[in-house]
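Enquirer: Please find one structure pasted underneath; my questions will follow.
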Ligand code: ADP
């Protein structure tokens, strides 16, 4: 970096003296400012920072000593070193005067160049050192400010990391707890089924196991949904749906929890259909999440209410309970991921703290909003979602009933899964509802068997020894004999990309394990109907 020039002030009433001083002092990076009187010097002193002032003592008007006194009396100039230039005929008194005014030195005329250069050189160097010190101090101040900022920033990152780590540990503990909860009764149920001969008891235990399993599946689905939504991987399958049908499905799903809490649910839903352009499964999921929470966070025998009202260009769906309520400080955070109010142990209701985060994300994806209200602890809560109504009303909407009377026809299945228990139980289930089943456990055997039996439906796992599910599907689809065969991929991988890959390989359907019997029966009814139509 080029060094800033150093300024000296030269004051003398005689021009020739100034010129000779200038000639003697000239050096690189030194600027010599000349003043012919005290007044001129004062003007220059206001404009520049001087490393040294060389003052002639004898000047008309303001002499050198008076100028020095003025300089000492002013904050801006009182630290500038002064060298008086004197003709030498000075008396002790005047010299004393000079020191009093703050002089640091005297140079006697006629000036000896070496003396002048060496004395002024000292001040030149001193000023330079001061300048360097100052710039180091400035740099130090800047870098220490920067260090402070970085320190503050890293402290705040560390705090955030610690908090995230704490929440992760807490989440893993809750997750383990939540997964164990349904597993324990399932294992007990199995033991009871092994020992019990009582048909009614066995039926009850099986229902219980089914409920627990659904709970497990829902937990895992919710977990995956949250991460898929935040990665933008969930696409809505929008259709024209009525709010009423979404409410019905949600109530159906939440019924077991509401009944287990012996709550009374009041539905306040207008009878004229209200149409949404929305994903029916997601809307039912949103409403049933709110209903489940109302049931979970309300002591036994509570009053729950689900109301639907038109509001502006949309519809408000409110779920109210008279349960444990939410404190005002928690309300703003209730929709954050993994937020759970720290309930007393005896009130703990399980859950992962993702339900409401999911509700908020899904509602937002539909262009809607959600809000929570509570008058405080023990005062109940209301969760309200608002969704835009569709401006279309279908002339004829096909509502598929649970059983549309499609003629049942036994189908020939080839079930391929390298997980032997999974293949066997799927086979058993299909046989119990009247279908014919052959089982294989690897890709090559699957192709050979398929060529032999020409099944109506190939139920294929994807990860298989020999050929994988995609390869088996591609191979068979390329043969003319399999144009009438329905290919279903059955896998543990449920991401949109997995589905896409399955469809690209030629699969007609993609289902995620574990298959819900209802879902699967619906699919089979469709296949049976298609087969019947094709005849
Ligand atoms: P989870 O129920 O799995 O803990 P949610 O995201 O569904 O997770 O809910 C987050 C938290 O909000 C719950 O832990 C609970 O403390 C509180 N909460 C949700 N719904 C209600 C409600 N109806 N009444 C009182 N508190 C509720």
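The values are calculated or read from the model by the stated rules, or taken from the named source; none is laboratory data. Only a predicted model underlies this, so the values are computations on that prediction, with no experimental measurement involved. Every residue, glycine among them, receives a Cβ derived from its backbone with ideal geometry; neighbour counts consider all protein chains shown.
Enquirer: Can you confirm whether residue 227 is within 16 Å of the ligand (Cβ to nearest atom), crowded, with 21+ Cβ neighbours inside 10 Å and either under 20 Å from residue 364 (Cα atoms) or in the same structural domain as residue 352 (by TED's automatic domain parsing) (or both)? Reasoning before the result, please.
Expert: Numbers: within 16 Å of the ligand (Cβ to nearest atom): yes; crowded, with 21+ Cβ neighbours inside 10 Å: no; either under 20 Å from residue 364 (Cα atoms) or in the same structural domain as residue 352 (by TED's automatic domain parsing) (or both): yes.
No: the conditions fail for residue 227.
Enquirer: So, restricting to helices (runs of 4 or more DSSP H) that lie completely within the stretch 432-508, which ones have at least 3 residues that are closer than 26 Å to residue 532 by Cβ and touching a residue at least 24 places away in the same chain (Cβ under 8 Å)?
Expert: 443-453, 469-477
Enquirer: Quickly run through the stretch 308-328 and pick out the residues that are in a strand (DSSP E or B) and either outside the structural domain of residue 383 (by TED's automatic domain parsing) or away from the ligand (no atom under 16 Å from the Cβ) (or both).
Expert: Matches in the stretch 308-328: 308, 309, 310, 311, 314, 315, 316.
Enquirer: Which residues, taken from the stretch 350-367, are assigned to a loop (DSSP other than H, G, I, E, B) and either more than 6 Å from the ligand (Cβ to nearest atom) or without any contact (Cβ under 8 Å) to a residue 40 or more places away in the chain (or both)?
Expert: First pass over the stretch 350-367, keeping only residues assigned to a loop (DSSP other than H, G, I, E, B): 350-354, 366-367.
Scanning the stretch 350-367 gives 350, 366, 367.
Okay, residues lined up against (1) under 21 Å from residue 474 (Cβ atoms); (2) surrounded by fewer than 17 Cβ atoms within 10 Å (Cβ to Cβ):
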{"site": "496", "(1), (2)": "yes, yes"}
{"site": "505", "(1), (2)": "yes, no"}
{"site": "519", "(1), (2)": "no, yes"}
{"site": "522", "(1), (2)": "no, yes"}
{"site": "526", "(1), (2)": "no, yes"}
{"site": "531", "(1), (2)": "no, no"}
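Enquirer: Same structure, new question: Within the bounds of the stretch 298-307, is there any residue that is more than 11 Å from the ligand (Cβ to nearest atom), under 15 Å from residue 387 (Cα atoms) and in contact (Cβ under 8 Å) with a residue 60 or more places away in the chain?
Expert: no
Enquirer: Take residue 189 and decide whether it is at pLDDT 80 or above, in contact with a helix residue (DSSP H, G or I) (Cβ under 6 Å, 6 or more places away or on another chain), surrounded by 10 or more Cβ atoms within 10 Å (Cβ to Cβ) and farther than 30 Å from residue 280 by Cβ. So that I can check it myself, show each step before the final result.
Expert: Values: at pLDDT 80 or above: yes; in contact with a helix residue (DSSP H, G or I) (Cβ under 6 Å, 6 or more places away or on another chain): yes; surrounded by 10 or more Cβ atoms within 10 Å (Cβ to Cβ): yes; farther than 30 Å from residue 280 by Cβ: yes.
When the stated conditions are applied, residue 189 passes them.
Enquirer: Let me ask you something else. Considering only the stretch 137-149, I want to know if a residue exists there that is within 18 Å of the chain's Cα centre (by Cα) and without any contact (Cβ under 8 Å) to a residue 60 or more places away in the chain.
Expert: no
Enquirer: Continuing with this model, one more query. Taking the options 279, 248, 321, 268, name whichever one is touching a helix residue (DSSP H, G or I) at 6+ places or on another chain (Cβ under 6 Å) and either farther than 18 Å from residue 362 by Cβ or surrounded by 21 or more Cβ atoms within 10 Å (Cβ to Cβ) (or both).
Expert: Result of the check over 279, 248, 321, 268: 321.
Enquirer: Any idea how many residues of the stretch 282-304 are crowded, with 22+ Cβ neighbours inside 10 Å and assigned to a strand (DSSP E or B)?
Expert: 1
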